[in-house]
Amino acid sequence: MKFLPLIWAGIWRKPGRAILTLLSVANAFLLFGILQGFASGLNHAVGETHADVLLTFSRVSQVEPLPVSQVAQIRTVPGVRAATPVVPIIASYRAPTQIVPAEAVDPKAILAVDPGLTIPQTMIDALSSTRTGALVSKRLATRYGWKVGDRVPLRALQIQNSNGTPTWPVDIVGVFDGKGGTLFANAMLLNFDYVDQGRATGAGTTNVIFVRVDDPNHATRVAQAIDRLFANSAHETKTSTVREVAQDQIKQLGDIGFVINAIVGAVFFALLFSVGALMMQSVRERTPELAVLKTLGFTDRAVMGLVMAESLTFCLVSAAVGLGLAALLFPVARQTIGFDVQAGPLMLAGFGLAVVLALISGGPPAIRAMRLEVVDALAGR
Amino acid sequence: MNEAAEPLIRLRGVIKRYRRGRQTLEVLHNLDLDVAAGEFLALMGPSGSGKTTLLNLIGGLDQPTEGEVEVAGEEIDRLSGGQLARWRSRHVGFVFQFYNLMPTLTAERNVELPLLLTPLSGAERKRNVEAALALVGLTDWRKHRPNELSGGQQQRVAIARAIVADPTLLVCDEPTGDLDRETAEEVLGLLQQLNRAQGKTIVMVTHDPKAASFASRIVNLDKGALVPAPAMGVV
């Protein structure tokens, strides 16, 4: 700690240059924080999915409907604890940008299918008994200012009402916390019967069947049993765990991890040169000062350590600024994308990267400082 | 010099050669020199006579090609680079012609630098720094940076830095070379006071006979060899 003023003074020898370099390094760490935060949040969201929940789609494609009658057949498969048809509805509220993720579900099966979801039984009963009822997550209710008793005219983007309009009026009968739930935690839950019977086409079908198994270790075996049940039928199925489906969907977007690592890698590779050049220039300018330190009794290694400490302090401060700014954006990411960024591991990785950056960019100037010959440097040679 | 006393600095058969490209230059030739503890020695001579080279050897900044250099009982010509650095921090204070202060540090932080290498606590370092600055009369300027100080004040900060760790020996290379006459005399008076009141042994390189007159002994160097001093009063 006693060397800190000396290290700090070395960094701020040329304040303008130091600030500009700090901003460029901080900017790189901001980019790192946002991109890696996105990736980690995505991975975390996938990792959080329950291994004991299966999704059954049509083998043809995920948009091909399945008959609702298959739900009852699936419930008879050994190892199945619960099953519910789910019709995902992408809807908007007043403006097209006010997106509402809605799911038409069987209220009686919903809690059994999403094990972490805690919705009071009274709310489930209210949804069951109100044909146009809707349960909304706290987050949605807060975002749109909804409360129990409100009538909300949803505009579905892909399911038309039998009256020829895309409008589905729903009555809010409960606001649930959403904590712990992974499948429906942020959604609006509607009565499957209301949607199924009210739509212009496709009555009696579902896009997906959510299945919960007794034992996650048997998930694969149960999935195979379900698919075998409908093999060679008019509606063959493809059953996978939620995690597998999520991973497939992410893969469809491309190899996000590779793209992010490539961008971050390129940025930091460029930074190595700019920080390295700054440190080298700084050491060159301070040759007489470093020689004086050696004259006073600082050993070659101590002077090398000082330069390395400068590089380390500079990179860590820059990383703290960049990652701090990124952390301010994490709540925004949660609001807009809907998943949590794993800030702890991300910060750890960021500061680890800062240390690597400091060691590589500060190494050559530190070695130069170490090799400095006092007599020659004092004589200006 | 008191012949009976054990010398603080003892040089025997010192030769210093430098390689410059393909040439080898012998800067000091078989030089013997004793400096007693508590002595204020002025090293004079024309440019290129080897004064600074000799000073560097005495201060442990450089090592002889041949010969022995013993300072404060330590044969410093046998020490490694790291050992020599640690030895300098304990035994030698340096004062340069151009002050060589850290431009980004305040006067007190500059003075504190040698103490960073000691196990002293922050409070102890602060006390020593205040004492050293008080001794050179710069207590009120302790928070100022070098560019806010005059040349004389900067040199006094450099002297405070040189004495703060209470070294045995002060090595001064043209300490008044960049100062006007009046300020130079103030600085030389300060060095003389340190020599007389604190008993510091001082070896000072200077071109200036007036500056040399503040020393208790003058040694002349010419073409790398000691030559008899011209008649000059000892102060």
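Nothing in this text is a laboratory measurement; each read-out follows from the coordinates by a stated rule. Quantities reported herein were computed from a predicted structural model and do not represent experimental measurements. Counting neighbours? That spans all protein chains shown, and the Cβs are built from the backbone with ideal geometry, glycine included.
Given a Förster distance of 45 angstrom, what is the FRET efficiency for residue A:220 paired with residue A:97, based on the Cβ-Cβ distance and rounded to 0.05? Result of the calculation: an efficiency of 0.65. How much of the DSSP beta bridge set in the protein assembly as shown is antiparallel, as a percent to the nearest 5? So the antiparallel bridges amount to about 70 percent of the total.
Using the structure shown, select from A:108/A:138; B:200/B:223; A:294/B:51; A:14/B:223; B:16/B:126; A:108/A:238 the pairs with a Cα to Cα distance greater than 32 angstrom. Violating the 32 Å Cα-Cα cut-off are A:14/B:223; B:16/B:126.
Using only the Cα atoms of segment B:140-235, build the gyration tensor, take square roots of its eigenvalues as a ≥ b ≥ c, and label the shape rounded, prolate or oblate: rounded if a/c is under 1.5, else prolate if a/b is larger than b/c, else oblate. In terms of gyration-tensor shape, prolate. Working from label points 7 Å from Cα in the Cα-to-Cβ sense, the residue B:120 to residue B:227 distance is 4.3 nm. Rounded to two decimals, the Cα radius of gyration of segment A:199-251 over 2.2 N^0.38 Å is 1.33.
When the scattering of segment B:44-156 is computed by the Debye formula from its Cα atoms alone, each counted once and equally, what is log10 I(q)/I(0) at q = 0.17, 0.21, 0.24 Å⁻¹? For segment B:44-156 at q = 0.17, 0.21, 0.24 Å⁻¹, log10 I(q)/I(0) is -0.96, -1.15, -1.25. With contacts taken as Cα pairs under 8 Å and at least 6 residues apart, segment A:53-214 reaches a relative contact order of 37 percent. Comparing Cα centroids, segment B:72-146 and segment A:199-258 end up 75 angstrom apart. Within segment A:51-133, the proportion of C-alpha pairs whose separation exceeds 19 Å stands at 50%. Normalise the Debye intensity by I(0) for the protein assembly as shown, one equal point scatterer per Cα, no solvent, then take log10 at q = 0.06, 0.11 Å⁻¹ and round to two decimals. Results for the protein assembly as shown at q = 0.06, 0.11 Å⁻¹ read -0.56, -1.01.
Database remark: amide H of residue A:81 closer than 5 angstrom to the amide H of A:212, A:213, A:214 (H placed geometrically; neighbours at sequence offset of 5 or more, or on other chains; Pro and chain starts carry no H).
Once the C-beta distance of residue A:233 and residue A:27 is scaled by a Förster radius of 56 Å, the resulting FRET efficiency is 0.45 to the nearest 0.05.
Of the DSSP H helices in chain A, those that are both long (alpha-carbon extent of 30 Å or more along the helix axis) and hydrophobic (Kyte-Doolittle mean at least 0.0) are A:15-48, A:256-285, A:300-336, A:343-371. Site-free segments of chain B were taken between trypsin sites (Lys or Arg not before Pro) in DSSP loops having at most 16 other Cβ atoms within 10 Å, sites themselves excluded; the longest one is B:23-142. Taken along the Cα-to-beta-carbon direction at a fixed 7 Å, the label points for residue B:32 and residue B:12 span 1.0 nm.
For chain A, the relative contact order works out to 26 percent when only alpha carbon pairs closer than 8 Å and six or more residues apart are counted. Taking the fewest neighbouring Cβ atoms within 10 Å as the starting point, the ordered list for A:21, A:122, A:97 is A:97, A:122, A:21. Computed from the Cβ-Cβ distance with R0 of 30 Å, the FRET efficiency linking residue A:301 to residue B:68 stands at 0.65. Distance between the pseudo-spin-label points of residue A:261 and residue A:60 (7 Å out from Cα toward the beta carbon): 4.0 nm. Charges were assigned to the Cβ only: +1 to each Lys and Arg, -1 to each Asp and Glu. The resulting dipole of chain B about its Cα centre is roughly 600 debye. Annotation: amide H-H contacts under 5 Å for residue A:237 (H modelled 1.01 Å from N, sequence separation of 5 or more, or interchain): A:59, A:230.
For the pair residue A:348 and residue A:108, the difference between a 0.36 nm per residue extended length and the Cα-Cα distance amounts to 82.0 nm. So which residue, out of A:63, A:275, A:208, gets the largest mean-square fluctuation from a GNM of chain A using Cα contacts under 10 Å as springs? For chain A, modelled as a Gaussian network with Cα springs under 10 Å, the answer is A:63. Residues considered: A:15, A:107, A:78. Largest GNM mean-square fluctuation over chain A, using C-alpha springs under 10 Å, is found at A:15. The share of alpha-carbon pairs in segment A:53-214 lying farther apart than 21 Å comes to 43%.
Restricting the calculation to Cα atoms, chain B shows an Rg/Rh of 0.96 when the hydrodynamic-style radius is the Kirkwood one.
Couplings for segment B:9-18, taken from phi via the Karplus curve 6.51 cos²θ - 1.76 cosθ + 1.60 with θ = phi - 60°, read 10, 9, 10, 9, x, 7, 10, 10, 10, 10 Hz in order; Gly and Pro are left as x. Taken about its Cα centre, segment A:53-214 carries a charge dipole of roughly 300 debye when the Cβ of each Lys and Arg holds +1 and the Cβ of each Asp and Glu holds -1. With neighbour counts taken as other beta-carbon atoms within 10 Å, the residues A:144, B:99 rank, fewest first, as A:144, B:99. Using alpha carbons only, how many degrees (0 to 90, rounded to 10) separate the axis of helix B:81-91 from the longest principal axis of chain B? That works out to roughly 60 degrees.
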